[in-house]
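Asker: First the structure, which I've put down as structure tokens, then a few questions once you've had a look.
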Amino acid sequence: MLTEEEIRQALHASRVVPLAVANPHGPLGLEQLAAAVAAHREHTPGDPPTDRVRRPIDLPVQTWEKLQALAAAASETGTPPISAGELAAAIIEQYLVDAAST
Amino acid sequence: MVEQSCDPQTIFHSALPVGTSLIVIFVPSQDRDGQAIDQDYWVDEVLTTLGRLFRGATAYPRGRGVWRDDAKGGVLLKEEPVIVFSYVSGESLTTAALAELYRTLSRMGRQANQGEIGVVIDGKYYGITEYVEE
């Protein structure tokens, strides 16, 4: 079975929220699940996972377009698709790792 | 005569196999601007993807929901999502299958102008807000 983190990465999910619906099977269970999801989306949309933060940064349009092109190229190689934002985050994280080791 | 209690799951053979996961996807009815989308088309796309990846899926109309779009000043959007669900065996729930599912959901998120696409797997909600370019 995949772990929560493996599922999050494969789906490129920006947040993971445990739902307090014990047995969401059958029509009533699914309605209960839908209600729990709707309530959560109403109250706390867009929260990042607790171990990550999301911050807006300014980039030149050309830079963003290059990131999109690189992400699209990377997604064509048979690996799981990656978004421009995820690629930007990966580049920044790698740069910081390299900078810390020199 | 006193009848013995019974286990309906045993009689109907309805218990889920060990290792089965429940995937639930919410197909929205409108975009983040409140405009109606072609929901039937996207329900069919999600059904097709789940059927191909996991052998089967069911669409369950119509729930009701609400979605607060903070990027648009916290406006509340009333939703009538269609719930699409699939029971998935443990060996079918792979990163490759989820990556393929993500491609469909990403396309729906981008083309149908969604703030977030919601997927529930085994009681956990995965919110997808970034969509890849094709």
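The values are calculated or read from the model by the stated rules, or taken from the named source; none is laboratory data. Please read these numbers as outputs of a predicted model, since none were measured by experiment. A quick note on method: Cβ atoms are made from the backbone with ideal geometry, for glycine too, and the neighbour counts reach across all protein chains shown. Areas reflect the complete protein model, heavy atoms only, side chains present, ligands, DNA and RNA absent. Shrake-Rupley method; radii C 1.70, N 1.55, O 1.52, S 1.80 Å.
Asker: Give region B:81-102 a look and list any residue that's under 24 Å from B:Glu133 (Cβ atoms) and open to solvent by less than 20 Å² (accessible area, probe 1.4 Å), or say none.
Answerer: Hits for region B:81-102 are B:Ala97, B:Leu98, B:Ala99, B:Leu101, B:Tyr102.
One line per residue, one yes/no per condition, for (1) without any contact (Cβ under 8 Å) to a residue 60 or more places away in the chain; (2) within 14 Å of B:Val119 (Cα to Cα); (3) within 21 Å of the chain's Cα centre (by Cα):
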{"residue": "A:Gln9", "(1), (2), (3)": "no, yes, yes"}
{"residue": "A:His12", "(1), (2), (3)": "no, yes, yes"}
{"residue": "A:Val17", "(1), (2), (3)": "yes, yes, yes"}
{"residue": "A:Ala20", "(1), (2), (3)": "yes, no, no"}
{"residue": "A:Pro24", "(1), (2), (3)": "yes, yes, no"}
{"residue": "A:Gly29", "(1), (2), (3)": "yes, no, no"}
{"residue": "A:Gln32", "(1), (2), (3)": "yes, no, no"}
{"residue": "A:Ala36", "(1), (2), (3)": "yes, yes, yes"}
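Asker: If you go through region B:43-72 one residue at a time, how many are small (Gly, Ala, Ser), at pLDDT 65 or above and over 16 Å from B:Gly118 (Cα atoms)?
Answerer: Within region B:43-72, residues that are small (Gly, Ala, Ser), at pLDDT 65 or above and over 16 Å from B:Gly118 (Cα atoms) number 3.
Asker: Please go through region A:29-65 and give me each residue that is under 17 Å from A:Leu87 (Cβ atoms) and modelled with pLDDT under 75, ordered by number.
Answerer: A:Arg52, A:Arg54, A:Arg55, A:Pro56 - these are the residues of region A:29-65 that are under 17 Å from A:Leu87 (Cβ atoms) and modelled with pLDDT under 75.
Asker: Of the residues that make up region B:108-118, is at least one within 22 Å of A:Glu65 (Cα to Cα), part of a helix (DSSP H, G or I) and of a type in the set (A, V, I, L, M, F, W, C)?
Answerer: Yes; the residues of region B:108-118 include at least one that is within 22 Å of A:Glu65 (Cα to Cα), part of a helix (DSSP H, G or I) and of a type in the set (A, V, I, L, M, F, W, C).
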